[in-house]
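Read through the structure below, which is laid out as structure tokens, and then see the notes.
The values are calculated or read from the model by the stated rules, or taken from the named source; none is laboratory data. Owing to the predicted nature of the structure, the values given are computational and were not obtained by experimental measurement. Don't worry about glycine lacking a Cβ; one is built from the backbone with ideal geometry, like all the others, and counts go over all protein chains shown. Surface areas here come from the heavy atoms of the whole protein model, side chains and all, with no ligands, DNA or RNA. Shrake-Rupley method; radii C 1.70, N 1.55, O 1.52, S 1.80 Å.
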Amino acid sequence: MKQEKNPGPWKRDVPPPISAGDGNRVVPSGLQISFPLPLWARSDQRGVLGLPPAQSRYDLTIGYSPIVIDGRKGISTGINGTVPGPLVRLREGDEVALNVTNALQDTAHSSIHRHGILVPFPMDGVPGINFPGIRPGETYNYRYKVKQAGTYWYHSHSFLQEQSGTYGPLIIDPKDGEPFPFDRDYVVVLSDWSFEKPETIFRHINLLSHYDNYQQRTFGDFIDDIGEQGFRATLAERMAWGRMRMSPVDLADVTGATYTYLMNGNSPAMNWTALFNPGETVRLRFINAGAMSNFDVRIPGLDMDVVMVDGKAVRPVKVHEFRIGVAETYDVLVRPTEDRPFTLFAESLDRSGYARGTLAPEAGLEAAVPGLRPRPVRKLADLGMGMMLDMGDGMNHDMMGGGDRAARHDPRIPGPNGPEPFLPDRKNVSNVAMVVKHPRYRLDEPGLGLGEDGWRVLTYQNLVSAEPQVYAQTPDREMTINITANMERYMFSFDGKKFTEHPGPTSFATTNDCGSSWSTTP
């Protein structure tokens with residue numbers, strides 16, 4: 001497939017174009033010096049010095065701190081006074097100490113959870129699950145031995161503190177050396193910031209799920225669809241979405257209408273920059289620390305070799321774009337040979353805005369910034385619901401996704417071979433809008449809105465572990481757990497029950513290899 005060409009000539013200190021959303025307003029570059037950023041996130045520091053070395057002790061304080069983005073002032077729940085927080089770098093095999101102090105005097109507790117890290121149960125940092133949280137003025141001492149390596153991140157698991165800045169990157173150096181060579185190493189943390197209070201945002205979307213969505217379908221779209229599909233098919237499709245209480249353009253609950261999309265704490269106008277020399281291999285550790293946002297990442301003019309995902313090495317996959325979901329991490333290698341800048345472009349899934357930075361041979365350079373693509377429109381088939389149009393208005397919601405065609409089992413989908421899959425125990429159960437009994441195989445698809453631009457997009461099927469599999473191919477026992485929800489009402493559960501309604505933890509023998517089949521029910 002062709003590679004995306006660089007969209008235009010590169011320049012020195014030219015602000016990017018205005019795009020949708022509050023987060024892409026143009027201001028003079030260099031504003032990052034007007035508010036605190038950790039050294040690793042500052043273009044004027046780590047582009048020359050590299051990442052800080054590993055150490056075995058960190059002292060972290062969560063507290064209110066000022067933040068200024070694109071000339072606008074706000075208050076964050078930063079760590080050691082910055083957003084993002086300090087880069088925590090550890091070594092595999094070390095005994096480490098992370099001392100976390102809660103300086104937020106008006107909250108019941110705070111916490112730090114290290115995402116994807118193997119730790120003793122009390123050290124996991126999730127209040128109400130494995131510890132009570134860190135009360136105001138108190139310090140919690142996390143102590144554990146590091147059992148893995150790779151790219152990860154950490155964040156608060158208390159209330160909505162993560163949304164207002166309580167997060168940061170976590171790197172673990174392998175004890176036996178890196179599995180692939182590189183010359184330079186950068187962390188690229190993607191996130192979403194709003195000057196609205198997180199509690200206000202949460203209330204807005206609970207009262208009106210599309211509160212921030214200014215890309216709704218219009219009557220004009222309805223007329224256009226009639227012209228393409230006919231009146232009956234168009235009406236049936238609209239009614240099917242209505243019965244599910246869903247919208248085909250509900251791609252992001254919170255959008256660029258209120259979000260500023262950040263790259264290492266820098267807005268698009270601030271242009272975070274990483275340096276390289278032509279011919280070098282550069283490692284970019286992408287981390288999605290967003291509270292609500294998925295990003296489509298590409299570097300026009302450069303191939304990317306995906307070499308690590310969520311801290312685990314994979315067989316290298318050459319791509320031009322990949323989608324990174326909330327909390328995921330992707331490590332890529334790029335090898336720029338030309339003596340010119342390249343744009344790091346992270347476009348929100350709903351196309352309401354973007355984060356961006358620059359990979360450049362010297363400071364002060366910028367490449368052209370791509371325009372936002374049209375926002376995608378989800379089809380019923382994308383949810384495995386194509387049968388709804390065939391079954392008509394008299395369909396039974398419990399049978400959504402059913403029928404002879406859907407019942408033909410795809411051998412690529414594991415299970416369920418365990419207990420009978422979940423079904424609502426009463427008609428129109430309030431917290432389960434619908435049930436998908438026969439999910440489709442989707443791992444070979446690039447994702448909604450991707451794959452039609454003429455360049456190669458990563459799929460989950462491309463990802464193959466570069467490490468030996470320690471588990472048996474066939475499990476001794478299988479558990480079927482359905483993720484159920486009423487998305488319009490923000491009600492999420494396992495098997496139609498909220499956390500407090502479950503009788504207790506799901507137990508399994510520690511000597512068995514136990515597989516779980518997860519089925520998502522919107």
**OP:** Answer yes if at least one residue in region 162-175 is open to solvent by 20 Å² or more (accessible area, probe 1.4 Å), modelled with pLDDT of 95 or more, over 25 Å from the mean Cα position of the chain (by Cα) and more than 26 Å from residue 259 (Cα to Cα), and no otherwise.
**Re:** yes
Subject >> Search result, residues across region 458-512 that are farther than 29 Å from residue 306 by Cβ, small (Gly, Ala, Ser) and either open to solvent by 70 Å² or more (accessible area, probe 1.4 Å) or at pLDDT 80 or above (or both) >> reply: 493, 496, 507
Original post:
Quick check: anything in region 320-336 open to solvent by 10 Å² or more (accessible area, probe 1.4 Å), outside any loop (DSSP other than H, G, I, E, B) and at pLDDT 95 or above?
Top reply: yes
**OP:** For region 136-148, indicate whether the set of residues that are surrounded by 14 or more Cβ atoms within 10 Å (Cβ to Cβ), without any contact (Cβ under 8 Å) to a residue 40 or more places away in the chain and in a strand (DSSP E or B) is non-empty.
**Re:** no
Original post:
Residues in region 247-255: is at least one of a type in the set (Asp, Glu), buried (at least 20 other Cβ atoms within 10 Å of the Cβ) and farther than 22 Å from residue 451 by Cα?
Top reply: yes
**OP:** Filter region 72-100 for residues that are part of a loop (DSSP other than H, G, I, E, B), touching a Ser or Thr at 6+ places or on another chain (Cβ under 6 Å) and open to solvent by less than 10 Å² (accessible area, probe 1.4 Å) and give the result.
**Re:** 83
Original post:
How many residues, within region 288-319, are open to solvent by 30 Å² or more (accessible area, probe 1.4 Å), polar (S, T, N, Q) and either within 23 Å of residue 469 (Cα to Cα) or not in a loop (DSSP other than H, G, I, E, B) (or both)?
Top reply: 0
**OP:** Write out, first by first residue and then by second, each pair whose Cβ atoms fall under 8 Å of each other, whose residues are 6+ apart or on separate chains, and whose first residue, in region 52-66, is aromatic (Phe, Trp, Tyr) while the second is open to solvent by 50 Å² or more (accessible area, probe 1.4 Å).
**Re:** 64/75
**OP:** Only residues that are within 21 Å of residue 316 (Cα to Cα) and hydroxyl-bearing (Ser, Thr, Tyr): list them for region 450-503, please.
**Re:** 459, 460, 465
**OP:** Return yes when residue 394 is at pLDDT below 95 and open to solvent by 10 Å² or more (accessible area, probe 1.4 Å) and no when it is not.
**Re:** yes
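Yes/no matrix, rows are residues, columns are (1) within 30 Å of residue 468 (Cα to Cα); (2) in contact with a strand residue (DSSP E or B) (Cβ under 8 Å, 6 or more places away or on another chain); (3) open to solvent by less than 70 Å² (accessible area, probe 1.4 Å):
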site	(1), (2), (3)
177	yes, no, yes
189	yes, yes, yes
202	no, no, no
205	no, no, yes
Subject >> Test result for residue 357, crowded, with 22+ Cβ neighbours inside 10 Å, of a type in the set (Gly, Ala, Ser) and either at pLDDT 90 or above or part of a loop (DSSP other than H, G, I, E, B) (or both) >> reply: yes
